[in-house]
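Contents: one structure, followed by commentary.
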């Protein structure tokens with residue numbers, strides 16, 4: 001699979017890696033996957049591919065593999081297959097957000113090729129991403145951030161509110177229908193259980209220096225817009241009952257990175 005057209009790519013280790021031309025792959029996809037198409041449709045596919053490969057080019061500096069190791073990964077049948085799947089998904093959609101997230105997933109897939117579990121999970125995440133909406137990615141990410149992460153160094157309530165504004169707020173507004181959550185379960189990103197995770201209990205466990213047993217979360221969050229929205233989401237949707245799968249975790253962490261620019265260490269959750 002080609003990651004760049006017609007020139008060498010310089011990755012962050014200073015080595016130049018010669019990769020195949022994407023133009024030939026694009027032509028093959030047009031014929032072998034899409035068959036005969038109207039000219040207007042072909043133009044749209046080409047535009048979509050151009051956007052996707054532009055996003056991919058912008059993420060190439062995140063590759064950590066050395067020259068020969070990278071060539072081995074790129075040429076492997078498994079990577080060729082999943083890379084073609086990513087290109088097909090990108091070709092079908094004009095969503096720039098999809099292109100950005102697919103490209104980042106593919107780069108992470110390269111970096112985690114040597115570990116079987118991560119390789120398999122990233123393969124599944126790449127295949128699954130095109131089945132999800134932006135609303136569903138926000139749901140996954142919010143669930144992931146609240147239930148599976150904590151920000152070290154928070155020691156007071158004002159810092160916590162700032163954390164919500166900077167890291168939680170981008171994912172707080174989404175469609176709150178049961179169908180959104182049911183689709184995430186169908187897509188293999190999450191399961192919905194009878195038991196739920198109390199929001200205040202999660203915060204007390206993660207930030208015991210800030211939240212005490214005697215605190216009233218409704219009073220604490222009063223007049224704090226993002227905090228109040230989070231509390232409402234937790235009460236009015238199945239998110240408190242949702243548990244992410246490994247694929248859901250990878251998709252959530254990738255969407256978080258793409259949205260905020262922060263870096264996640266996936267080794268914490270997938271090991």
Would you please name the residue that is farthest from residue 90 (Cα to Cα), looking only at residues in the range 139-165 that are part of a helix (DSSP H, G or I) and free of Cβ contacts under 8 Å to residues at least 60 places away in the same chain? 158
From 206, 243, residue being within 22 Å of residue 132 (Cβ to Cβ), in contact (Cβ under 8 Å) with a residue 24 or more places away in the chain and assigned by TED's automatic domain parsing to the domain that holds residue 164: 243
Regarding the range 83-100, can at least one residue be identified that is in contact with a strand residue (DSSP E or B) (Cβ under 7 Å, 6 or more places away or on another chain), buried (at least 16 other Cβ atoms within 10 Å of the Cβ) and either closer than 16 Å to residue 129 by Cα or modelled with pLDDT under 90 (or both)? no
So how many residues does the range 128-137 have that are within 12 Å of the chain's Cα centre (by Cα), without any contact (Cβ under 8 Å) to a residue 60 or more places away in the chain and assigned to a helix (DSSP H, G or I)? 2
Find the residue count for the range 11-65, including only residues that are modelled with pLDDT of 55 or more, over 25 Å from the mean Cα position of the chain (by Cα) and part of a loop (DSSP other than H, G, I, E, B). 6
Of the residues that make up the range 166-184, is at least one under 28 Å from residue 261 (Cα atoms) and touching a strand residue (DSSP E or B) at 6+ places or on another chain (Cβ under 7 Å)? yes
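The values are calculated or read from the model by the stated rules, or taken from the named source; none is laboratory data. Note that this is a predicted model, so its numbers are computed, not measured. As a convention, Cβ positions derive from the backbone with ideal geometry for all residues, glycine included, and neighbour counts pool all protein chains shown.
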